[in-house]
Amino acid sequence: MKKSIYTLAALGLITGSMLTGCSSPSQKVEDAQNKVSEANNDLAKANDAYLQDIATFKATADNKIAANDKSIAEFRNRIKDQKKEASAECQKKIDALDLKNSDMRKQLDDYKAQGKDKWEKFKTEFGQSMDDLGKSFKDLGNN
């Protein structure tokens, strides 16, 4: 009698755990579809954030480049009143800065979204170049 009670109890536990542990194939498919849908939403949000970061950075850099253009025009007006020797030297420095500024604008305009890793590298290198260009403008302004 004890054996049959233990056997029935064990059989009941096994059957109960099998019924609660197994889900139907349609439930598994539905769960997988939900996970895929969530992953796609997360990917879309991340991609939107990435593209927004690019647009924001480009707008900020474009404003800096425009400010550099304005500074170049101001420097050109200032050297008109200087002696020819000093004016020629300053003109060469201004032309070099103008070329660097134009190159920075072209580099910014030519950048296409190529992945987050490449974007981070571009942003770091471009930012450093912009900082160096800004220092050059300050140095020219002090002279």
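Across the range 56-72, in residue order, what do the Karplus-derived ³J(HN,Hα) couplings come to in whole Hz, using 6.51 cos²θ - 1.76 cosθ + 1.60 with θ = phi - 60° and x for Gly and Pro?
5, 5, 4, 5, 5, 5, 5, 5, 5, 5, 5, 5, 5, 4, 5, 5, 4
Over 20 Å between Cα atoms: which of 106/138; 100/123; 58/123; 70/93 fall into that group? Please report the intermediate quantities before stating the final value.
On the way: 106/138 22 Å; 100/123 17 Å; 58/123 10 Å; 70/93 15 Å.
Too far apart for the 20 Å limit: 106/138.
Please list, or write none, the aspartates and glutamates whose alpha carbon is within less than 18 Å of the alpha carbon of residue 112, excluding same-chain residues fewer than 8 places away.
48, 53, 62, 103, 120, 125
By what distance, in whole Å, do the Cα atoms of the range 27-142 stretch along each of the three principal axes, largest value first?
Answer, in whole Å and largest first: 85, 21, 18 Å.
Using a cut-off of 27 Å between alpha-carbon atoms, which lysines can reach residue 35, once sequence neighbours fewer than 8 places away in the same chain are excluded?
Partners found: 45, 116.
Each reported figure results from applying straightforward, stated rules to the coordinates on display, with no laboratory input. None of these values were measured; they are calculated from a predicted model.
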